[in-house]
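Written below as structure tokens is the structure these notes are about.
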Amino acid sequence: MRIGAFLLVAVVAVLALLAAACGGGGEEPTTSSALPDHLQREVEDARRFDDYPVYWVGESFQGLPLTTVSRMDYPGKWPGEVYNLPWHEVAFAYGDCEIGPGEESCAVPVSVHVRPYCEVPQEVVAEGAKAGSPEVVRGAVVQRLSGGSLQLWTGDITISIAATDEGLLTPAVQNLVRLNGDGEPSSPQEDLGPPDEIDAQTDCGWERVPGGPGWQRSETAD
């Protein structure tokens, strides 16, 4: 799988993290195999991926075609890097965007980013980044964030969804389905389920910043 040229909007959202119950079921994600050959290969790579569960909203969403499937495996701990924590994700971009003059990337209409729970546990979300209280949607915990994104926790993963139109966030949550593994949930009408009982400190290696309200991850954390 290749890392696409689209902006991983979740990078901005998660950096901010660290410094309504939704009604109705979603539509069945399309699986028409009408994707270009390279995207079919990337989807199959994601389907075979077995490090952690992967969720998406199908081959198209709200009229937006799947345009990029990407995978990031950044181990962290690289001297001199601004963001030096581990970053592992499988991401899906829907729709296109145009890179403006002098810019290196742009925000696609909708992107879904799946990461291991311990990389963004619930406890480390900064209060200033939250837009309201946590919600339970399809059995999962959802925290809406300022700036057109949300963070969702289910099982042993966390999912970041970003949208240039915030009205697409709720439908995206309602349409998430499992791509790899046993394929459950295979329908938007099925629950995602609650997050596992994972503690940011004892299980994930996070610790409070001395003398401050924030969190930092131990140098020895995976």
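Read-outs throughout are calculated quantities, based only on the coordinates presented, and are distinct from any laboratory measurement. In this text the structure is predicted, and so the values were computed from the model without any measurement. Reconstructed Cβ throughout: ideal geometry from the backbone, glycine too, with neighbour counts over all protein chains shown.
Could I have the simple spin-label model distance between Gln122 and Glu104, label points 7 Å from Cα toward Cβ, reported in nm to one decimal?
A separation of 3.5 nm, rounded to one decimal place.
Using a basic spin-label model with each label point 7 Å from the Cα along Cα→Cβ, how many nm lie between Thr164 and Ser186?
3.5 nm
Restricting to Cα pairs below 8 Å that are 6+ residues apart, what does the relative contact order work out to for the stretch 49-123? Please round to a whole percent.
It rounds to 27 percent for the stretch 49-123.
Taking a point 7 angstrom from the Cα of Ala34 along the C-beta vector, which residues in the stretch 52-79 have backbone N less than 20 Å away?
56-69
Residue farthest toward the positive end of the dipole of the stretch 33-118, with Cβ of Lys/Arg at +1 and Asp/Glu at -1: which of Gly63, Trp87, Cys118?
Looking along the dipole axis, the top candidate is Cys118.
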